[in-house]
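K.L.:
Below you will find the structure I want to go over with you.
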Amino acid sequence: MNAQGDWTEKYKDKIVTAAKAISKIRRGTRILLGTGCGVPYHLVQELGKNADRMADNEIVHLLTIGNTPSADPKFQTQFRHNTFFVSDNIRNAVSEGRADYTPAPLSDIPFFFRTRRIPIDVALIQVSPPDDFGYCSLGISVDVTKTGAENADLVIAQVNERMPVTHGDSFLHVKEMDYLVPYNEPLREFEPPEVSERKNRIGEYAAKLIENESTIEVGIGTVAKAVTNNLINSGVKDLGIHTEIFSDSIIDLIESGIVTNQKKSINRGKVTSSFAMGTKKLYDYVNNNPVFEFRDTAYVNDPYVISQNRKMVAINSALEVDLTGQVCSDSIGHAFYSGIGGQVDFIRGASRSEGGKSIICLKSTALNGTVSKIVPRLSEGAGVVTTRGDVDVIITEYGLAMLRGKTIRERVLSLIAIAHPDFRDGLLEAAKKMHYVFEDQVPFLSRGTYFPTEYESQQEFEGPDGPITVHVRLIRPDDADRIKGLFYDLSEESIFFRFLTPLRSLRRQTLQEFYYVDQESDISLVGVLYNDDECEKIIAAGRYLLNRSTNQAEFALLVQDEYQNRGIGTFLLSQMMRIAKSKGVSAFIAYVHPKNIPMIDFIHRTGKLIESKLSIEDDQYTFLLNL
């Protein structure tokens, strides 16, 4: 009985015009609006038309889009908005003090309605036509709308044949609605801007952190689109989705077979979400599609529920991050810009998930590159959404910083490494003044990224206890403690042959020389092992320094004793040679102590040796290797 004539006859005692329904709203009441693209647009317009008979009506909502007449300054005495998320159409009203912002994680909002901490007098919602049993679907807007409607004193529903019927906990019976307003109109549509090169690089870094069989929070916007674009050709498989909101990009993930939902720990086989914002293509796709399961945010955003997903990966964005890892996501200084949303819910849920991780994405700069979004301290008035204790991974277009469990000093070095190069020196000086890092901390020489993919490689070797995979990458300033760990794992003989002196400790100056590298001419690489929690252990290091007058580079290698004679040093050297050759370096030079027989044998085995000589005076061999 989906045909309009059928249901209108059956429920004709509830059917009224929008004008008639709105006339039932009393002055001084609190009115809840449906969310996002599911906002009952026809009812919202009618509400504005009836402003002259309203007074002190509070309009509560999450995220709305499109024209909102009730937010017009001329209606200040009739309406005051109270939003849980500051979207474009309400931002000016909030900044000018004509509207309120209630900061709250999405998981809490249904609780506010149920307990009447925020009592709802009237709910304006949009639903599909009733089925044979009298049930209407809230379609793409279940989120906080369902709980709000269930706890409202008066429910006015716009019945729209274009609202898709979605599965899950998305249904309300006609008996729970007081007035039905039949009105068919296109749903509001949302499409993020095209993905910029910077956003695409951010998406590339984020996609690399997503493993097979992970469950992901995807969201909407350009970052979400960048991540999904990079997942398409990543080779990752059997992903699941548990997210408060999604958009069109999810379709490609499903149809490409990357998202199967078959390895999810809970809600297996389902995309679990609370609302959708996209185009008509998406609305048609979710209509009566059993793959999608819509539930309210009390469930979808419950950190305990989220944590039950194994390998849960939460991906969110930020406006500003300070050097200690505090994340501001809802304001620019004193000006409220967005909302807490589900960021805290998903970060805390992912942190408790087996193999889970949470990611915060942001561009390194704002205002055409004139302002750094990684700052010594948050702007005055900026609110902390994600605390430094909750933060896990921060990503910019310059790379990623793993912060969870790290000291302030390690965090500072990691975050400066992914800041825009124009701001790195200033950030370092500010960190020194705040005693976050050592006063003699060397500057950041690199003017580019510390995460260049062309310098990355990996290979399997036979380790002391079985097969291992060694990942080779560029060294970074935040590797200091890992390099120190490598040093203290070396035998006294290895230390002597590398530093040509019997060191008992590694001076900070010597340590910093490992990563004080100008990538334009010199390169310093490390060989890294990852454990099951993706913690890094450096087991090898290699470096070359270019002599510009000869165009030859002096190189040195260091491999932890228990990993020597396994081919790791050869692999590391081959990567350095590949990079040096691409930069036009003509040859490698090595200076080796005569008693360092393993290194001498190693150089001979490379097959690259073109010249060698022994200096009795310097007590060292000089080897020249062809690239």
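The values are calculated or read from the model by the stated rules, or taken from the named source; none is laboratory data. None of these values were measured; they are calculated from a predicted model. Neighbour counts run over all protein chains shown; Cβ positions are idealised from the backbone, glycine included.
K.L.:
From the list 148, 219, 134, 139, pick out the single residue that is on the phi > 0 side of the Ramachandran plot, in contact (Cβ under 8 Å) with a residue 12 or more places away in the chain, buried (at least 18 other Cβ atoms within 10 Å of the Cβ) and not assigned by TED's automatic domain parsing to the domain that holds residue 310. Please lay out each step first, then the result.
P.N.:
Details: 148 fails: on the phi > 0 side of the Ramachandran plot; 219 fails: not assigned by TED's automatic domain parsing to the domain that holds residue 310; 134 fails: buried (at least 18 other Cβ atoms within 10 Å of the Cβ).
When all the criteria are applied, what remains is 139.
K.L.:
Could you say which residue among 127, 86 is within 22 Å of residue 333 (Cα to Cα), among the aliphatic types (A, V, I, L, M), touching a residue at least 40 places away in the same chain (Cβ under 8 Å) and surrounded by 15 or more Cβ atoms within 10 Å (Cβ to Cβ)?
P.N.:
86
K.L.:
In segment 11-26, which residues are at pLDDT below 95 and assigned to a loop (DSSP other than H, G, I, E, B)?
P.N.:
11, the sole residue that qualifies.
K.L.:
Turning to a different aspect of this structure: Which residues, counting only those in segment 399-427, are out of contact with any Gly (no Cβ under 7 Å at 6 or more places or on another chain) and either farther than 19 Å from residue 519 by Cα or free of Cβ contacts under 8 Å to residues at least 12 places away in the same chain (or both)?
P.N.:
401, 402, 404, 405, 406, 407, 408, 409, 410, 412, 426, 427
K.L.:
I would also like to ask the following. Output the residue which, of all residues in segment 87-137 that are closer than 20 Å to residue 7 by Cα and of a type in the set (Phe, Trp, Tyr), is modelled with the lowest pLDDT.
P.N.:
Applying the filter and picking the extreme gives 133.
K.L.:
Would you please name the residue that is modelled with the lowest pLDDT, looking only at residues in segment 172-203 that are of a type in the set (A, V, I, L, M, F, W, C) and in contact with a Cys (Cβ under 7 Å, 6 or more places away or on another chain)?
P.N.:
190
K.L.:
Within segment 473-485, does at least one residue satisfy the condition of being closer than 22 Å to residue 599 by Cβ and not small (Gly, Ala, Ser)?
P.N.:
Yes - at least one qualifying residue is present in segment 473-485.
K.L.:
Also, I was wondering about something else. Please indicate, with yes or no, whether at least one residue in segment 413-424 is surrounded by fewer than 22 Cβ atoms within 10 Å (Cβ to Cβ) and of a type in the set (Lys, Arg).
P.N.:
No: segment 413-424 contains no residue that is surrounded by fewer than 22 Cβ atoms within 10 Å (Cβ to Cβ) and of a type in the set (Lys, Arg).
K.L.:
Report yes if some residue within segment 54-67 is at pLDDT below 90, part of a loop (DSSP other than H, G, I, E, B) and at positive phi; otherwise report no.
P.N.:
yes
K.L.:
Given (1) exposed (fewer than 14 other Cβ atoms within 10 Å of the Cβ); (2) touching a residue at least 24 places away in the same chain (Cβ under 8 Å), identify the lone condition not met by residue 604.
P.N.:
All conditions pass for residue 604, except number (2).
K.L.:
Among the residues in segment 31-42, are any surrounded by fewer than 18 Cβ atoms within 10 Å (Cβ to Cβ), over 20 Å from residue 189 (Cα atoms) and not assigned by TED's automatic domain parsing to the domain that holds residue 284?
P.N.:
Initial filter on segment 31-42 (surrounded by fewer than 18 Cβ atoms within 10 Å (Cβ to Cβ)): none.
No, every residue in segment 31-42 fails to be surrounded by fewer than 18 Cβ atoms within 10 Å (Cβ to Cβ), over 20 Å from residue 189 (Cα atoms) and not assigned by TED's automatic domain parsing to the domain that holds residue 284.
K.L.:
Being within 27 Å of residue 244 (Cα to Cα), of a type outside the set (Gly, Ala, Ser), buried (at least 24 other Cβ atoms within 10 Å of the Cβ) and in contact with a Ser or Thr (Cβ under 9 Å, 6 or more places away or on another chain): is that true of residue 47 here?
P.N.:
Considered against the rule, which asks whether it is within 27 Å of residue 244 (Cα to Cα), of a type outside the set (Gly, Ala, Ser), buried (at least 24 other Cβ atoms within 10 Å of the Cβ) and in contact with a Ser or Thr (Cβ under 9 Å, 6 or more places away or on another chain), residue 47 comes out as no.
K.L.:
Every residue in segment 165-184 that is more than 17 Å from residue 7 (Cα to Cα) and buried (at least 24 other Cβ atoms within 10 Å of the Cβ), please.
P.N.:
Listed by number, the residues that qualify are 166, 170.
K.L.:
Residue 386: touching a residue at least 24 places away in the same chain (Cβ under 8 Å) and among the hydroxyl-bearing types (Ser, Thr, Tyr), yes or no?
P.N.:
For residue 386, the condition - touching a residue at least 24 places away in the same chain (Cβ under 8 Å) and among the hydroxyl-bearing types (Ser, Thr, Tyr) - is met.
K.L.:
So, one more: Counting just the residues of segment 264-298 that are among the basic types (Lys, Arg) and in a helix (DSSP H, G or I), which one comes out surrounded by the fewest Cβ atoms within 10 Å (Cβ to Cβ)? Reasoning before the result, please.
P.N.:
In the first step, residues of segment 264-298 are kept if they are among the basic types (Lys, Arg); the result is 264, 268, 270, 280-281, 295.
Filter once more, so that each one left must be in a helix (DSSP H, G or I): 280-281.
Numbers: 280: 13, 281: 11.
Among those that are among the basic types (Lys, Arg) and in a helix (DSSP H, G or I), it is 281.
A quick yes/no check of all residues on (1) more than 23 Å from residue 208 (Cα to Cα); (2) surrounded by fewer than 21 Cβ atoms within 10 Å (Cβ to Cβ); (3) outside the structural domain of residue 207 (by TED's automatic domain parsing):
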residue: 339; (1), (2), (3): yes, no, no
residue: 343; (1), (2), (3): no, no, no
residue: 354; (1), (2), (3): no, yes, no
residue: 359; (1), (2), (3): no, no, no
residue: 370; (1), (2), (3): yes, yes, no
residue: 384; (1), (2), (3): yes, yes, no
residue: 393; (1), (2), (3): no, no, no
